[in-house]
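Structure record follows, encoded as structure tokens.
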Amino acid sequence: MRNSRKILFLLLLISLFLISSNFVLARELEVTYPAAGNIPGPSSTRTLLPDYVKYIFNLIVAISGIIVFGIIVFSGFRYATSAGNPTTISDVKDRIGSAVIGMIIILSSYLILNTINPQLVVINPILSTNKGVVVYDSPVSCTTGMGNPESQESLKPDVNYIKFGVSSRTLESLNDKAGAVWLYQSTDDLKVNLYSDLDWGGTKQEVTSSCISLPSTNYSSIELAWQNPGVYLCKDSAAKECSVYTSSQPKLADGFDNKVVSIRFKNINDIQYGAVLHKNQNYQGTCQVFAAAPPSGLSGISSVTVFLQGTAQGEGVTLYDDTEYQGISTSPYTSDQASLGDFNDKARSITIDGNYMALLFRDDNYGNECEVLRDDDPNLLIGNTVVCKGLFCIGGGINSVKVIPVKK
């Protein structure tokens, strides 16, 4: 037992070291990161935090495997040279057992989280709130790297410059004082406009390059129009204050929770985004599905399921009135069902064959609470808020279903 604690403590120290090293080294990248399996090491300061987390996890698993292998080899050597000493043999067995247990714990962590809720192990970056544009209070040199505030230690943030990741109705302390603009991205990825008045009013000045000294200082608001493909959730109907999502989020970005009023989609080639908007966080409550239309007048949005639209393929969605896909079943659905008729409130398990995603609704006509499923579920009584809400399964059941072709 003592040896088990030592092994686990050693693995924990390695994990903490790797995590702390990540945050120290990520800023300057003076160290070349080794590849962790099929996950390449971070190569630039634009690498998103979720990519670092994924890299660290894989690196920990790889290093843990090396440690366990080393302990087993060393213990095997001690066993071979123990000359039958019972104390040594017992110690060797304890070391090997502890190492194997430690490795099992690490490898099982992913499986456990994925079984409880696959979203717990999905790395989902939000694009728009990291880096966007820097507005300076005076002209700056646009030679390579000079527009980057990190390269100018004499300048003070929020005094000499302000960073903006989304559109802003005001330039704050730089109203009527803006002298230059510098973009972290190219103008192909981000379109920037400055306005002479607050709330994007007055004369518009388009920023045509990644670094530009402004012809005037009379600017009071800024618009950032991201060009990244994805789902844009906006706090205004003109789609100026938006946050960009390329994957599902159980909680919207800061400042957007319960404030979204419109949605936009930016697609590229055969990548066509769709979204399920949920009233509550963690994909709970009522929901609405959007594919391409840009509706406005939305309200009460706290989480989003992002999907890629696909072509219908496979048998579709089948419901069963017993767990483990037993009992009476419906015919496979490949299209929406506004009512399940005699099968209302009876579904207890579900199979999804092919490129489909199922939205299960508590009421007819896609009303009340909903839940999104991408894979089979042998027991809808566990963890499904539509079929079974609360500890004592208070509620009705599945009365309508939306079937959406997706890319998996």
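Each reported figure results from applying straightforward, stated rules to the coordinates on display, with no laboratory input. This one's a predicted model, so the numbers in the text were calculated from it and none came from an experiment. Reconstructed Cβ throughout: ideal geometry from the backbone, glycine too, with neighbour counts over all protein chains shown.
Here the Karplus relation 6.51 cos²θ - 1.76 cosθ + 1.60, evaluated at θ = phi - 60°, turns the backbone of the range 207-222 into coupling constants of 8, 9, 9, 6, 8, 8, 8, 7, x, 8, 9, 7, 10, 9, 8, 9 Hz, with x for every Gly and Pro. Model label sites at residue 270 and residue 69, defined 7 Å from Cα along the beta-carbon direction, differ in position by 3.8 nm. Close amide H pairs (under 5 Å, H built 1.01 Å from N) link residue 345 with 398, 399, residues at least 5 positions away or on another chain. From least to most packed, judged by other beta carbons within 10 angstrom and beginning with the fewest, 264, 95 follow the order 264, 95.
Looking only at the range 197-227, which residues have a backbone nitrogen under 14 Å from a spot 7 Å from the Cα of residue 155 in the C-beta direction? Backbone N within reach: 210-214. Normalising by residue count, the range 133-226 has a Cα convex hull of 80 Å³ per residue. State, to one decimal in nm, how far the label point of residue 163 lies from the label point of residue 408, with both points 7 Å from Cα in the Cβ direction. Placing both labels 7 Å beyond Cα along the Cβ direction yields 4.0 nm. Remark on residue 380: its backbone amide H falls under 5 Å from those of 349, a criterion applied only to residues 5 or more positions apart or on other chains, H modelled at 1.01 Å from N. Distance between the pseudo-spin-label points of residue 107 and residue 365 (7 Å out from Cα toward the beta carbon): 5.4 nm. Across the range 315-383, the convex hull enclosing all Cα atoms gives 80 Å³ per residue.
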